[in-house]
C-alpha cells in the first residue's frame, strides 16, 4: 500500500513495507510504513524534516499516525540505548534501580543535559520496572540486531 503524499507531511524517504519488519508485530500491525519527509510550518514558510509512522486500520490512514522531528527520533534512540545499557546491569539492584539515585544518566546535549531516569512518580514502578525489564529481555534478539546495524552504519559514517 502506498504512503499518502497529500497530507501535511510530504514523504521524501520511505519504507512502505514496514509492516513486514515491525518487531513482534511483524505482518500483523497497523504500522504500514515509515517516512522521512517535509513539514511546512505556517511561520514564514519554514520547512522542517520529520519522521512519521504511518498507521492504517482498514480502508483509511489513521489519525494515530505519528510524526516526529528527526532530533526527537535521535533523542529516543539515545534514551533506548541508555535504557538497554542500564537494564544489562540492573540485576545488581533489588528493585532493578537505586531508589536513592533514580537518575541513570545525564546525556549532554546542546549545552545542557537530557536526564535518563526511572519514573519514581509511577505508583507501580516496582511492578512496572519488572515488566519492562522482562519485555527488554524477551525482545533482546530483535533490539540487539537493530543496534548492531545502527552501530555499523554510524561507524561507516565516521561517528
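Here are the numbers for this structure:
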item	result
Criterion violated by residue 126 - all others in (1) in a helix (DSSP H, G or I); (2) within 17 Å of the chain's Cα centre (by Cα); (3) surrounded by 13 or more Cβ atoms within 10 Å (Cβ to Cβ) satisfied	(2)
Qualifying residue in the stretch 50-58 (condition: surrounded by 12 or more Cβ atoms within 10 Å (Cβ to Cβ), assigned by TED's automatic domain parsing to the domain that holds residue 15 and more than 18 Å from the chain's Cα centre (by Cα))	yes
Tabulated pairs, the stretch 132-145, first at positive phi, second outside any helix (DSSP H, G or I), C-beta under 7 angstrom, 6+ apart or interchain	none
Residue among 75, 156, 115, 105 that is loosely packed, with under 13 Cβ neighbours inside 10 Å and touching a residue at least 12 places away in the same chain (Cβ under 8 Å)	115
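The values are calculated or read from the model by the stated rules, or taken from the named source; none is laboratory data. The model shown is predicted, which means the values in this text are computed figures rather than measured ones. Note: ideal-geometry Cβ built from the backbone for every residue, glycine included; neighbour counts use all protein chains shown.
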